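What follows is a short report on a single structure.
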Amino acid sequence: MNETIDLINKFEKFTKSEIASAIKELDGIKIESNRKHLQRLVYVNLVNRFDSFVDTLLLSFSIKESEFQKKVLNDTKEEPVFLKDIYEIFLSENSRTEVENRVQGVVRSNYLNQRHSSKLRILLKECFNWSDSDWQRPRVFINNGSIFFDVTRIKPHKIPDTVIGYADWLYSRRNALVHHDKPEITKNDVKYIEEKFLTKLSKSFSLKISSIGSASKFYLDLTESLKKQISSLKNEI
(Lines give C-alpha, C1' and ligand atoms only; values in the text may rest on other atoms or scores of the structure.)
Protein backbone atom coordinates (compact mmCIF):
# COMPACT_ATOMS: atom_id res chain seq x y z
CA MET A 1 0.00 0.00 0.00
CA ASN A 2 3.01 2.32 0.19
CA GLU A 3 2.80 3.00 -3.55
CA THR A 4 -0.87 3.94 -3.18
CA ILE A 5 -0.08 6.31 -0.30
CA ASP A 6 2.65 7.93 -2.43
CA LEU A 7 0.20 8.46 -5.32
CA ILE A 8 -2.36 9.99 -2.95
CA ASN A 9 0.25 12.26 -1.36
CA LYS A 10 1.37 13.42 -4.80
CA PHE A 11 -2.17 14.41 -5.78
CA GLU A 12 -2.75 16.13 -2.43
CA LYS A 13 0.50 18.07 -2.76
CA PHE A 14 -0.57 19.32 -6.19
CA THR A 15 -3.99 20.39 -4.89
CA LYS A 16 -2.75 22.02 -1.69
CA SER A 17 0.11 23.90 -3.33
CA GLU A 18 -0.54 24.62 -7.00
CA ILE A 19 -4.34 24.88 -6.91
CA ALA A 20 -4.35 26.76 -3.60
CA SER A 21 -1.79 29.21 -5.01
CA ALA A 22 -3.85 29.66 -8.17
CA ILE A 23 -6.96 30.43 -6.11
CA LYS A 24 -5.01 33.06 -4.18
CA GLU A 25 -3.81 34.66 -7.42
CA LEU A 26 -7.34 34.63 -8.87
CA ASP A 27 -8.56 36.52 -5.82
CA GLY A 28 -6.17 39.32 -6.68
CA ILE A 29 -7.25 39.75 -10.32
CA LYS A 30 -9.64 42.68 -10.63
CA ILE A 31 -10.43 42.45 -14.35
CA GLU A 32 -13.38 40.08 -14.49
CA SER A 33 -12.85 38.87 -18.08
CA ASN A 34 -9.25 37.88 -17.32
CA ARG A 35 -10.22 36.19 -14.07
CA LYS A 36 -13.03 34.16 -15.64
CA HIS A 37 -10.73 32.78 -18.33
CA LEU A 38 -8.13 31.74 -15.77
CA GLN A 39 -10.78 30.27 -13.49
CA ARG A 40 -11.84 27.93 -16.28
CA LEU A 41 -8.26 26.82 -16.84
CA VAL A 42 -7.61 26.17 -13.15
CA TYR A 43 -10.88 24.29 -12.67
CA VAL A 44 -10.33 22.09 -15.74
CA ASN A 45 -6.74 21.41 -14.68
CA LEU A 46 -7.86 20.28 -11.22
CA VAL A 47 -10.61 17.97 -12.48
CA ASN A 48 -8.33 16.54 -15.17
CA ARG A 49 -5.67 15.89 -12.56
CA PHE A 50 -8.12 13.98 -10.37
CA ASP A 51 -9.34 11.94 -13.34
CA SER A 52 -5.73 11.07 -14.18
CA PHE A 53 -5.16 10.18 -10.52
CA VAL A 54 -8.07 7.71 -10.63
CA ASP A 55 -6.64 6.18 -13.83
CA THR A 56 -3.22 5.80 -12.25
CA LEU A 57 -4.65 4.08 -9.17
CA LEU A 58 -6.65 1.65 -11.31
CA LEU A 59 -3.53 0.76 -13.29
CA SER A 60 -1.63 0.28 -10.05
CA PHE A 61 -4.25 -1.95 -8.43
CA SER A 62 -4.53 -4.11 -11.55
CA ILE A 63 -1.06 -5.56 -10.95
CA LYS A 64 -1.35 -6.10 -7.20
CA GLU A 65 -3.55 -8.48 -5.27
CA SER A 66 -7.00 -6.91 -5.12
CA GLU A 67 -10.59 -7.48 -6.15
CA PHE A 68 -9.92 -5.25 -9.12
CA GLN A 69 -7.06 -7.45 -10.29
CA LYS A 70 -9.40 -10.46 -10.16
CA LYS A 71 -11.95 -8.51 -12.18
CA VAL A 72 -9.39 -7.54 -14.82
CA LEU A 73 -7.98 -11.07 -15.12
CA ASN A 74 -11.49 -12.44 -15.41
CA ASP A 75 -11.99 -10.21 -18.46
CA THR A 76 -9.32 -12.21 -20.28
CA LYS A 77 -10.61 -15.73 -19.56
CA GLU A 78 -12.22 -16.09 -22.98
CA GLU A 79 -9.21 -14.76 -24.85
CA PRO A 80 -7.28 -17.36 -26.93
CA VAL A 81 -3.80 -18.25 -25.68
CA PHE A 82 -1.04 -18.58 -28.26
CA LEU A 83 2.24 -20.35 -27.57
CA LYS A 84 4.02 -17.53 -29.38
CA ASP A 85 2.79 -15.03 -26.79
CA ILE A 86 3.75 -17.32 -23.91
CA TYR A 87 7.25 -17.89 -25.30
CA GLU A 88 7.75 -14.17 -25.89
CA ILE A 89 6.83 -13.40 -22.30
CA PHE A 90 9.09 -16.02 -20.73
CA LEU A 91 11.98 -15.22 -23.05
CA SER A 92 11.82 -11.50 -22.29
CA GLU A 93 14.47 -10.05 -19.97
CA ASN A 94 11.83 -9.14 -17.42
CA SER A 95 8.87 -11.46 -17.83
CA ARG A 96 6.95 -9.92 -14.89
CA THR A 97 7.15 -6.46 -16.42
CA GLU A 98 5.88 -7.88 -19.71
CA VAL A 99 2.89 -9.50 -17.97
CA GLU A 100 2.14 -6.32 -16.01
CA ASN A 101 2.19 -4.29 -19.22
CA ARG A 102 -0.32 -6.65 -20.83
CA VAL A 103 -2.60 -6.60 -17.79
CA GLN A 104 -2.53 -2.81 -17.72
CA GLY A 105 -3.32 -2.87 -21.43
CA VAL A 106 -6.60 -4.63 -20.56
CA VAL A 107 -7.35 -1.86 -18.05
CA ARG A 108 -6.71 0.85 -20.63
CA SER A 109 -8.96 -0.85 -23.16
CA ASN A 110 -11.80 -1.88 -20.84
CA TYR A 111 -11.88 0.65 -18.00
CA LEU A 112 -10.02 3.91 -18.54
CA ASN A 113 -12.34 4.91 -21.37
CA GLN A 114 -15.43 4.64 -19.15
CA ARG A 115 -17.30 7.59 -17.69
CA HIS A 116 -15.40 9.38 -14.92
CA SER A 117 -17.86 8.46 -12.18
CA SER A 118 -17.92 4.81 -13.33
CA LYS A 119 -14.14 4.62 -12.96
CA LEU A 120 -14.34 6.19 -9.51
CA ARG A 121 -17.04 3.74 -8.45
CA ILE A 122 -14.89 0.80 -9.61
CA LEU A 123 -11.90 2.23 -7.73
CA LEU A 124 -13.80 2.66 -4.48
CA LYS A 125 -15.63 -0.66 -4.70
CA GLU A 126 -13.00 -3.01 -6.11
CA CYS A 127 -9.83 -1.42 -4.73
CA PHE A 128 -10.96 0.10 -1.42
CA ASN A 129 -13.92 -2.20 -0.67
CA TRP A 130 -16.50 0.54 -0.24
CA SER A 131 -20.01 -0.82 0.15
CA ASP A 132 -22.89 0.38 -2.03
CA SER A 133 -24.22 2.50 0.83
CA ASP A 134 -20.88 4.29 1.12
CA TRP A 135 -21.45 6.07 -2.18
CA GLN A 136 -25.24 5.88 -2.49
CA ARG A 137 -26.17 7.73 0.69
CA PRO A 138 -25.92 11.53 1.05
CA ARG A 139 -22.38 12.32 2.23
CA VAL A 140 -21.39 15.54 0.48
CA PHE A 141 -22.26 18.99 1.78
CA ILE A 142 -22.86 20.51 -1.64
CA ASN A 143 -22.28 24.11 -0.49
CA ASN A 144 -18.53 23.55 -0.13
CA GLY A 145 -17.75 19.96 -1.23
CA SER A 146 -17.01 18.59 2.26
CA ILE A 147 -17.49 14.85 2.72
CA PHE A 148 -19.03 13.51 5.93
CA PHE A 149 -20.22 10.07 7.05
CA ASP A 150 -23.78 11.32 6.50
CA VAL A 151 -25.38 14.66 5.68
CA THR A 152 -28.92 15.97 5.66
CA ARG A 153 -30.01 16.28 2.03
CA ILE A 154 -30.64 19.87 0.94
CA LYS A 155 -33.96 20.26 -0.87
CA PRO A 156 -34.68 20.77 -3.66
CA HIS A 157 -32.11 18.20 -4.71
CA LYS A 158 -30.39 20.10 -7.55
CA ILE A 159 -26.82 18.83 -7.12
CA PRO A 160 -25.90 15.18 -6.42
CA ASP A 161 -24.86 14.77 -2.78
CA THR A 162 -23.42 11.26 -3.00
CA VAL A 163 -19.68 10.80 -3.48
CA ILE A 164 -20.03 9.32 -6.96
CA GLY A 165 -22.76 11.73 -7.99
CA TYR A 166 -20.88 14.84 -6.87
CA ALA A 167 -17.73 13.67 -8.69
CA ASP A 168 -19.79 13.15 -11.85
CA TRP A 169 -21.28 16.63 -11.53
CA LEU A 170 -17.81 18.18 -11.18
CA TYR A 171 -16.60 16.35 -14.27
CA SER A 172 -19.69 17.26 -16.25
CA ARG A 173 -18.98 20.93 -15.61
CA ARG A 174 -15.43 20.30 -16.80
CA ASN A 175 -16.86 18.84 -20.02
CA ALA A 176 -18.97 21.94 -20.54
CA LEU A 177 -15.99 24.25 -20.07
CA VAL A 178 -13.77 22.25 -22.42
CA HIS A 179 -16.23 21.63 -25.24
CA HIS A 180 -18.48 24.72 -25.19
CA ASP A 181 -18.02 28.47 -25.20
CA LYS A 182 -20.62 29.03 -22.49
CA PRO A 183 -20.92 27.22 -19.15
CA GLU A 184 -23.78 24.87 -19.97
CA ILE A 185 -23.81 21.17 -19.08
CA THR A 186 -24.49 18.97 -22.11
CA LYS A 187 -27.88 17.35 -22.58
CA ASN A 188 -26.37 13.88 -22.31
CA ASP A 189 -24.67 14.71 -19.02
CA VAL A 190 -27.84 16.29 -17.62
CA LYS A 191 -29.86 13.23 -18.59
CA TYR A 192 -27.33 10.84 -17.08
CA ILE A 193 -27.03 12.73 -13.77
CA GLU A 194 -30.78 13.20 -13.38
CA GLU A 195 -31.52 9.53 -14.06
CA LYS A 196 -28.57 8.07 -12.16
CA PHE A 197 -28.56 10.35 -9.12
CA LEU A 198 -32.23 11.38 -8.99
CA THR A 199 -31.65 15.13 -9.19
CA LYS A 200 -33.29 18.02 -11.01
CA LEU A 201 -30.16 19.48 -12.50
CA SER A 202 -29.77 22.99 -13.84
CA LYS A 203 -28.20 22.95 -17.29
CA SER A 204 -26.47 26.32 -17.00
CA PHE A 205 -24.05 27.16 -14.19
CA SER A 206 -21.76 29.91 -13.03
CA LEU A 207 -18.13 29.05 -12.39
CA LYS A 208 -16.69 31.07 -9.51
CA ILE A 209 -13.47 31.00 -7.52
CA SER A 210 -15.44 29.24 -4.78
CA SER A 211 -16.28 26.50 -7.29
CA ILE A 212 -12.59 25.60 -7.50
CA GLY A 213 -12.36 25.67 -3.71
CA SER A 214 -15.34 23.31 -3.37
CA ALA A 215 -13.88 20.87 -5.90
CA SER A 216 -10.53 20.96 -4.09
CA LYS A 217 -12.23 20.35 -0.74
CA PHE A 218 -14.16 17.39 -2.13
CA TYR A 219 -11.11 15.74 -3.68
CA LEU A 220 -8.95 16.30 -0.59
CA ASP A 221 -11.63 14.96 1.77
CA LEU A 222 -11.97 11.88 -0.43
CA THR A 223 -8.24 11.19 -0.63
CA GLU A 224 -7.88 11.77 3.11
CA SER A 225 -10.60 9.18 3.79
CA LEU A 226 -8.74 6.70 1.56
CA LYS A 227 -5.51 7.28 3.48
CA LYS A 228 -7.31 6.74 6.79
CA GLN A 229 -8.75 3.51 5.43
CA ILE A 230 -5.30 2.29 4.41
CA SER A 231 -3.89 3.26 7.81
CA SER A 232 -6.62 1.34 9.65
CA LEU A 233 -5.94 -1.76 7.53
CA LYS A 234 -2.22 -1.56 8.39
CA ASN A 235 -3.05 -1.38 12.08
CA GLU A 236 -5.16 -4.52 11.81
CA ILE A 237 -2.27 -6.52 10.37
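The values are calculated or read from the model by the stated rules, or taken from the named source; none is laboratory data. Computed from a prediction, not measured in an experiment: that's the story for all the values here. A quick note on method: Cβ atoms are made from the backbone with ideal geometry, for glycine too, and the neighbour counts reach across all protein chains shown.
Results, tabulated for the structure shown:
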| item | result |
| --- | --- |
| Residue in the stretch 144-155 that is in contact with a helix residue (DSSP H, G or I) (Cβ under 8 Å, 6 or more places away or on another chain) and surrounded by 17 or more Cβ atoms within 10 Å (Cβ to Cβ) present | yes |
| Enumeration of residues in the stretch 176-207 that are buried (at least 16 other Cβ atoms within 10 Å of the Cβ), assigned to a loop (DSSP other than H, G, I, E, B) and among the hydroxyl-bearing types (Ser, Thr, Tyr) | Thr199 |
| Residue in the stretch 83-103 that is under 26 Å from the mean Cα position of the chain (by Cα) and either of a type in the set (Gly, Ala, Ser) or outside any helix (DSSP H, G or I) (or both) present | no |
| Of all residues in the stretch 1-55 being assigned to a loop (DSSP other than H, G, I, E, B) and of a type in the set (A, V, I, L, M, F, W, C), the one that is modelled with the highest pLDDT | Ile29 |
| Residue list for the stretch 47-74, restricted to those being of a type outside the set (S, T, N, Q), surrounded by 15 or more Cβ atoms within 10 Å (Cβ to Cβ) and farther than 15 Å from Ala215 by Cβ | Asp55, Leu57, Leu58, Leu59, Phe61, Ile63, Phe68, Lys71, Val72 |
| Selection from the stretch 129-143 of residues that are in contact with a helix residue (DSSP H, G or I) (Cβ under 6 Å, 6 or more places away or on another chain) and either assigned to a helix (DSSP H, G or I) or of a type outside the set (Lys, Arg) (or both) | Trp130, Trp135, Val140 |
| Residue check, Arg139 basic (Lys, Arg) and under 14 Å from His116 (Cα atoms) | no |
| Residue match in the stretch 68-78 (condition: over 19 Å from Thr223 (Cβ atoms), in contact with a Lys or Arg (Cβ under 7 Å, 6 or more places away or on another chain) and touching a residue at least 12 places away in the same chain (Cβ under 8 Å)) | no |
| Top-ranked residue in the stretch 56-82 [being closer than 30 Å to Asp6 by Cβ and assigned to a loop (DSSP other than H, G, I, E, B); ranked as modelled with the lowest pLDDT] | Thr76 |
| Given (1) β-branched (Val, Ile, Thr); (2) closer than 20 Å to Leu124 by Cα; (3) under 19 Å from the mean Cα position of the chain (by Cα), number of the condition Ile19 does not satisfy | (2) |
| Residues satisfying the stated conditions in the stretch 185-237, i.e. over 17 Å from the mean Cα position of the chain (by Cα) and of a type in the set (A, V, I, L, M) | Ile185, Val190, Leu198, Leu201, Leu207, Ile209, Ile230, Leu233, Ile237 |
